[in-house]
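Working notes for the structure below.
The values are calculated or read from the model by the stated rules, or taken from the named source; none is laboratory data. Since we're looking at a predicted model, the values are computed, not measured. FYI the Cβ positions are ideal-geometry reconstructions off the backbone, even for glycines, and counts take in every protein chain you see. Ligands, DNA and RNA are excluded from the accessible area calculation, which covers all protein heavy atoms including side chains. Shrake-Rupley method; radii C 1.70, N 1.55, O 1.52, S 1.80 Å.
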Amino acid sequence: MSKNVEILVKRQDSPKAPSYWVEFSVPYEEGMNVISLLQGIRRDPKDKSGKSVTPVTWESSCLEEVCGACTMVINGKVRQACTALVDQLEQPIKLEPMSKFPVERDLRVNRQRIFDNLKKVNAWVEVDGYHDLGPGPRQNPDDQTTTYKYSECMSCGCCMEVCPQFTKDNDFIGAAVLGQARLFNMHPTGEMQMPKRLDKVTDKGGIQDCGLAQQCVKACPKHIPLVEAIGQLQRDITVNKVFGALKK
Amino acid sequence: MSEKRVLIVGGGLAGLAAAMKACELGLEVDIFSMVHVKRSHSVCAQGGINGAVNTKGEGDSPYIHFVDTIKGGDFLADQPPVLSMCEAAPSVINMMDRLGVTFNRTPEGLLDFRRFGGTLHHRTAFAGASTGQQLLYSLDEQVRRWEAEGKVRKFENWEFTRLILDKDGRAVGLVAQDLTTMEFKSFPGLAVVLATGGPGLMFGKTTNSTINFGSATSAAYKQGVWYGNPEMVQIHPTGIPGSDKLRLISESARGEGGRVWVPRKAGDKRAWNEIPPAERYYFLEERYPLYGNLVPRDIASREIALICTKEGLGIGGRQAVYLDLTHQPEEYLLKKLGAILDIYEKFRGVDPKKVPMEIYPAYHYSMGGLYAGYEADSTGRLLKNSPKNQETNIPGVYAIGEADHQYHGANRLGANSLMSCIFAGLVCGESLAALAKNSKTAEAASSLLESECKLEEETYKKLAAQDGPENPFVIHKELGDAMSAYCLIERHNGELKKLQGMVDSFAERLKKASSLDKSNSGNMSAVFLRQLDGMITMSKAVVDAALLRDECRGAHSKPDFDNPAPSKETPIEDPAWTAYYEKFLAQTQTWLKTTVAKYDPKKSHPTIEYQTVDTRHLEPEPRDYTGVGKKAWAKFKEKRQATQAKA
Ligand SMILES: Cc1cc2nc3c(=O)[nH]c(=O)nc-3n(C[C@H](O)[C@H](O)[C@H](O)COP(=O)(O)OP(=O)(O)OC[C@H]3O[C@@H](n4cnc5c(N)ncnc54)[C@H](O)[C@@H]3O)c2cc1C
């Protein structure tokens, strides 16, 4: 008899409905990840007892861990489902939606808040226009190595899921967004708007709400130095304040 | 409605570039995307973006880029848009640099460039090994800036399902569905831009993202937008087999010295490191001494597939060959390819810095797409600010990015897609502004908006109520397997006919499929019925067009109609060369044509027609990546001219 993979999925039929657990059992194949389990379920949507159920809803896109879509809580740990290899997981594999964002259906949550917060902190370079203005500023290759790390942030929300300060009903902007503010402060052109950006970072729900629990950096799938970013932002804020006062 | 509002479907590189440019030019934009735009398929691109910035003292130029692109595409691309793209490419890369893309740098602080397939120049700018992600993020940030200013509204997690056309057949809006509440809504706009990416999932497991249904493309096609060169789909030579999707080792792995080999002896059971160098067959290097491992994708894919299937030399008799980087220093590999090698290790559990990777070709990209037109100026370039650029045959409907059919002809060169997406997006932004300036279009009647929305609701309700015995996800798997087996690496008319029958039977089975889910919240199964219907519709266009094109051109390989070049050793006086070139000319005469598939609601298969290709700058010639045919071709042309002069 072929081997099966045992799975437990926390389901929810709609945003307001209560959640419930369903057990599934899917035939094992070599090299499987959690995505292929969910794909297996929808090709034969029955629970472990053989009763027909609706296929599980989840979000996914690239399956290469660069889009952030398929983030969920797997065996208690928040991560991307595409890189969660079955061979490396204890069974039954427990799949839950992220808990810090409103559930839309099953494993799919609404992470709009991350994108709204990116808007709040001016996470962009303010250029004069999209016409030909020649090459950008020269940059030290070492600086590129640093900034590249930050710009790998895929807004997946892992850092927010594990942050004790980030809750469903407060308005803390979270580590990833602070990391992006830091990224644009490092860019030779972005730096010119640093004072404006720092003001936004200290607005309601801003950096002052960080409790320095340092969980974010451990959960980040891209190993972005989020704690360092927050530390540097705080130093920049102080400097900015002093200079601001001196200017007056 | 604001008179300046345009509707852009798709938030990948193409859609976001168009949105940002349109905003700069004073328009307002609604963007629709099935996922948050930051999670669009463009993030997958690893290797880089092409532009002849020529910082390496190699004498590279936009014109050489143009020649490489046209030749790479086997002359099937209209030349004016390609010339304009290659000329704009350096400034597009500079602009992306100014927007903050974390491109790799040289010690002097300039942008670094690497070599990619199909060219002899260092022309590919890259940001680590996630260039697409980095480019997408910079565009996303700019669009967010416009959003903060109130110029952009985003409808993310919405699926476009229908164009709204007025009585004159002009687009005046669209209908889309909220994928959480499952509600439909109509949106009025001056124009609709389809920047919806490639339709890869009709081939099942591919390198494409899980949202690449081509659902927008098929919806527009069914409403009369033409589809150009459907049969031209690209296989990537270096796919990693996977249980959920086929991942990719970027061409940059070959650019950074990766060598492709198999054991010389069929059925060799030894581990890779027990096989001495002399018993390794570096077949690309031996067969193509000039380009070696960096031959264009179609050639590499076919060679890899054939060495496994026809020559039986695959590793352990399987469908796999080695892609070997183990001779390069680990530090160098980490710096240049860190992220992509990570992918391999993450998904296969083996470190490619220490052990050669195992790879096999995978469906990757569609050169074909919605038919996008252009207007040329007197020099044979795109006429600046013409509202015709990127417009389809339906007025007010534009197509850009992988979703359009321009720029790549019969085969795309690596790292040319990202450029074509951003370039077409910027051009489209200008087209939209020009359209808005001269537009006398009245606002869409609210009754029309309402009735079109109702129509979509009704269609969806019927789908959601479908309750047959078939599982649509199973049908999809079978569709993908069939398309990959009979319509990908090599095509044979007998098999294609069989495939036509199979696709028809999938269409029949779809009618008996169940929606599996009757709920009105985040229902991914009911919408999948619609998406699968779209994939089946587009498969018919691909298969029918492939069946009709009796030749080999670019990615379209039909061995029964091949015109192989004489071997490298054949002296140029040999009549074999003349025969080869005569046949080439005849084939060009018959087949150097753009395929145009038109949906016919009265028939179950499309009408296929052909259009001449605009080759005003560069005369078609046989592709030659061995370096030998050049002299023979020159001699043949000389002779032909002489005879023509006599006559
Ligand atoms: C693994 C991989 C590596 C690659 N590497 C390179 C490379 O190195 N260099 C290179 O040049 N090219 C590369 N390519 C190709 C390149 O990435 C793509 O061709 C390009 O990113 C496509 O961009 P796009 O803007 O056209 O569409 P996409 O990025 O695919 O975006 C499509 C958008 O349309 C939306 N959409 C689709 N349908 C609907 C609908 N019905 N309703 C609403 N929204 C819809 C999606 O949500 C998405 O926002 C690679 C491709 C792959 C798969």
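Rundown of residues vs (1) in a loop (DSSP other than H, G, I, E, B); (2) within 14 Å of chain A (Cβ to nearest Cβ); (3) under 15 Å from B:Tyr374 (Cα atoms); (4) more than 10 Å from the ligand (Cβ to nearest atom), yes/no style:
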| position | (1), (2), (3), (4) |
| --- | --- |
| B:Gln406 | yes, no, yes, yes |
| B:Met419 | no, no, no, no |
| B:Gly429 | no, yes, yes, yes |
| B:Glu452 | no, no, no, yes |
Name the residues in region B:342-377 that are open to solvent by 30 Å² or more (accessible area, probe 1.4 Å), among the small types (Gly, Ala, Ser) and not in a strand (DSSP E or B), would you?
B:Gly349
Name the single residue that is farthest from the other protein chains (Cβ to nearest Cβ) among those in region B:454-489 being hydrophobic (A, V, I, L, M, F, W, C) and touching a Lys or Arg at 6+ places or on another chain (Cβ under 7 Å).
B:Ile489
Total residues in region B:569-603, condition among the hydroxyl-bearing types (Ser, Thr, Tyr), modelled with pLDDT of 95 or more and in a loop (DSSP other than H, G, I, E, B):
1
Given B:Ile299, B:Ile340, B:Ile304, which one is under 21 Å from the mean Cα position of the chain (by Cα) and within 14 Å of another protein chain (Cβ to nearest Cβ)?
B:Ile340
Considering only region B:154-174, how many residues are in a strand (DSSP E or B), more than 15 Å from B:Lys38 (Cα to Cα) and out of contact with any Phe, Trp or Tyr (no Cβ under 6 Å at 6 or more places or on another chain)?
8
Do you know which residues across region B:95-129 are in contact (Cβ under 8 Å) with a residue 40 or more places away in the chain, within 8 Å of chain A (Cβ to nearest Cβ) and not small (Gly, Ala, Ser)?
B:Leu99, B:Thr106, B:Leu110, B:Leu111
Could you give me the residue pairs with C-beta distances under 7 Å whose first residue belongs to region B:137-157 and is more than 10 Å from chain A (Cβ to nearest Cβ), whose second residue is hydroxyl-bearing (Ser, Thr, Tyr) wherever it lies, and which are 6+ apart or on separate chains?
none
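Scan region A:34-56 and tell me whether some residue there is assigned to a strand (DSSP E or B), open to solvent by less than 30 Å² (accessible area, probe 1.4 Å) and either polar (S, T, N, Q) or at the interface with chain B (Cβ under 9 Å from one of its Cβ atoms) (or both).
Looking for residues that are assigned to a strand (DSSP E or B), open to solvent by less than 30 Å² (accessible area, probe 1.4 Å) and either polar (S, T, N, Q) or at the interface with chain B (Cβ under 9 Å from one of its Cβ atoms) (or both), one finds none in region A:34-56, hence no.
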Within region B:281-319, considering residues that are in a loop (DSSP other than H, G, I, E, B) and hydrophobic (A, V, I, L, M, F, W, C), the one modelled with the highest pLDDT
B:Leu313
Pairs under 7 Å by beta carbon, first residue more than 7 Å from the ligand (Cβ to nearest atom) in region B:200-215, partner among the aromatic types (Phe, Trp, Tyr), six or more apart or different chains?
B:Gly200/B:Tyr363; B:Leu201/B:Phe213; B:Phe203/B:Tyr363; B:Thr206/B:Tyr363
When you scan region A:128-139, do you find a residue that is among the aliphatic types (A, V, I, L, M) and facing chain B (nearest Cβ under 7 Å), even just one?
yes
Checked against (1) open to solvent by 10 Å² or more (accessible area, probe 1.4 Å); (2) modelled with pLDDT under 95; (3) within 14 Å of another protein chain (Cβ to nearest Cβ), B:Val53 satisfies every condition except (2)
Only residues that are part of a loop (DSSP other than H, G, I, E, B), closer than 17 Å to B:Arg549 by Cβ and not hydrophobic (A, V, I, L, M, F, W, C): list them for region B:216-230, please.
B:Asn229, B:Pro230
Scanning region A:1-21 for residues that are open to solvent by 20 Å² or more (accessible area, probe 1.4 Å) and under 14 Å from A:Ile93 (Cα atoms), the one farthest from the other protein chains (Cβ to nearest Cβ) turns out to be A:Leu8
Is at least one residue of region B:425-435 small (Gly, Ala, Ser) and surrounded by fewer than 24 Cβ atoms within 10 Å (Cβ to Cβ)?
yes
Looking for something free of Cβ contacts under 8 Å to residues at least 40 places away in the same chain and more than 14 Å from chain A (Cβ to nearest Cβ) - is there at least one such residue anywhere in region B:1-19?
yes
Can you pull out every residue in region B:171-181 that is more than 14 Å from the ligand (Cβ to nearest atom) and open to solvent by less than 10 Å² (accessible area, probe 1.4 Å)?
B:Ala171, B:Val172, B:Gly173
For region B:34-63, enumerate the residues that are under 28 Å from B:Leu341 (Cβ atoms), without any contact (Cβ under 8 Å) to a residue 40 or more places away in the chain and away from the ligand (no atom under 15 Å from the Cβ).
none
Could you tell me how many of the residues in region B:16-60 are more than 30 Å from B:Arg254 (Cβ to Cβ) and of a type outside the set (A, V, I, L, M, F, W, C)?
7
Which of the numbered conditions does B:Pro566 fail, given that it passes all the others? Conditions: (1) out of contact with any Cys (no Cβ under 9 Å at 6 or more places or on another chain); (2) in a helix (DSSP H, G or I).
(2)
Looking at (1) away from chain A (no Cβ under 14 Å); (2) within 12 Å of the ligand (Cβ to nearest atom); (3) not in a helix (DSSP H, G or I), which is the only condition B:Lys388 fails?
(2)
Quick one: B:His408 ticks every box in (1) at pLDDT below 95; (2) open to solvent by less than 10 Å² (accessible area, probe 1.4 Å) bar one, so which box is it?
(1)
Taking only region B:65-94 into account, find how many residues are within 14 Å of chain A (Cβ to nearest Cβ) and among the hydroxyl-bearing types (Ser, Thr, Tyr).
2
Which members of region B:135-170 meet the condition of being under 23 Å from B:Ser446 (Cβ atoms) and open to solvent by 20 Å² or more (accessible area, probe 1.4 Å)?
B:Arg153, B:Phe155, B:Trp158, B:Arg162, B:Leu165, B:Asp166, B:Lys167, B:Asp168, B:Gly169, B:Arg170
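Let's see how each residue does on (1) within 14 Å of another protein chain (Cβ to nearest Cβ); (2) surrounded by fewer than 19 Cβ atoms within 10 Å (Cβ to Cβ):
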| residue | (1), (2) |
| --- | --- |
| B:Arg491 | no, no |
| B:Glu508 | no, yes |
| B:Asn523 | yes, no |
| B:Leu532 | yes, no |
Residue list for region A:194-217, restricted to those being assigned to a helix (DSSP H, G or I), open to solvent by 30 Å² or more (accessible area, probe 1.4 Å) and either within 18 Å of A:Arg138 (Cα to Cα) or not acidic (Asp, Glu) (or both)
A:Met194, A:Pro195, A:Lys196, A:Lys200, A:Gln208, A:Gln215, A:Val217
Collect the residues in region B:189-209 that are within 14 Å of chain A (Cβ to nearest Cβ), buried (at least 24 other Cβ atoms within 10 Å of the Cβ) and part of a loop (DSSP other than H, G, I, E, B), keeping them in residue-number order.
B:Thr196, B:Gly197, B:Gly198, B:Thr206, B:Thr207, B:Asn208, B:Ser209
